[in-house]
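Input: a single structure, listed below in structure tokens.
Taken together, the values in this text are just the output of simple stated rules run on the coordinates, not laboratory data. These numbers were taken from a predicted model, which means no experiment stands behind them. Quick reminder, even Gly has a Cβ in these numbers, built from the backbone with ideal geometry, and neighbours come from all protein chains shown.
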Amino acid sequence: MNKQKHGTKGNKAKEKDTTWQERVIQIRRVSKVVKGGKKLSFRAIVVIGNEKGQVGVGVGKASDVIGAVKKGVADGKKQLIEVSLTKANSITHRTNGSSGGAKVIMRPAAPGTGVIAGGAVRTVLELAGVKNILAKQLGSSSPLNNARATVDALETLRTFSEVAQERDIPIEQLYQ
């Protein structure tokens, strides 16, 4: 029995071996007015990704910065999405996303272009593993809304095979 337990622990260690990167976009000190005065806490916006097509945005609030970042990472892991990328490490087609007042427009780019985006959008795209893309954020300068709008746009991406399956036609017919 002991050998079986060790075997399962080894497998779990291999599953967790994927290298997750965390980047803090913003740390804000927020206050809440209570009966005795103001209660101060911290809000951290964290992006987590493995640069292989998985990315998530999380928010954590705690009385200290480290606790807020830990909670943000845990929330980001719950919000993970899969991103379909091309061989050129770009997105498959143009896409738009929105969250709150923020709008994000993304277009695929030729190899060697790099990530042309600003602020929170750049961070989300880099951690998703996108290497060549053109992106523009419109309407809001809020890092949280821009990051969520980027995730919204990445969620709407579809591959050629998915489109062919929906239309019940072979992939070759899409190119005609």
(request) Rounding to the nearest 20 debye, state how big the charge dipole of the chain is about its Cα centre with +1 on each Lys and Arg Cβ and -1 on each Asp and Glu Cβ. (result) 1140 debye
(request) Just order 35-41, 52-58, 119-125 by mean Cβ neighbour count inside 10 Å, highest at the front, would you? (result) 119-125, 52-58, 35-41
(request) Per DSSP H run of at least 4 residues, take -39500 (n - 2.57); add these up for the chain, divide by its residues and hand me the 222 nm value, nearest 500 deg cm²/dmol. (result) -10500 deg cm²/dmol
(message) Could you compute the net charge surrounding GLU82? Neighbours are other residues with a C-beta less than 11 Å from the C-beta of GLU82; K and R count +1, D and E count -1.
(response) 0
(message) With a cut-off of 8 Å between alpha carbons and a minimum separation of six or more residues, what is the relative contact order of the chain in percent?
(response) 18 percent
(request) Could I have the simple spin-label model distance between LYS78 and VAL33, label points 7 Å from Cα toward Cβ, reported in nm to one decimal? (result) 3.0 nm
(message) Cut-off 10 angstrom, C-alpha nodes, Gaussian network model of the chain. Which of ASP64, ASP152, ASP75 fluctuates the most?
(response) ASP64
(request) Determine which aspartates and glutamates satisfy two conditions relative to LYS70: a Cα distance under 18 Å, and not lying fewer than 8 residues away in the same chain. (result) GLU22
(request) Take the alpha carbon atoms of segment 85-128, find their center, do the same for segment 22-43, and report the distance between the two centers in whole angstrom. (result) 31 Å
(message) To check you understand DSSP bridge types, tell me what percent of the beta bridges within segment 75-162 (both residues inside) are antiparallel, rounded to 5.
(response) 85 percent
(request) Evaluate the charge dipole of segment 39-93 about its Cα centre and quote only its size in Debye, nearest 20, assuming +1 on the Cβ of each Lys and Arg and -1 on the Cβ of each Asp and Glu. (result) 180 debye
(request) Put one equal scatterer on each alpha carbon of segment 63-176, apply the Debye formula with no solvent term, and list log10 I(q)/I(0) at q = 0.11 1/Å to two decimals. (result) -0.41
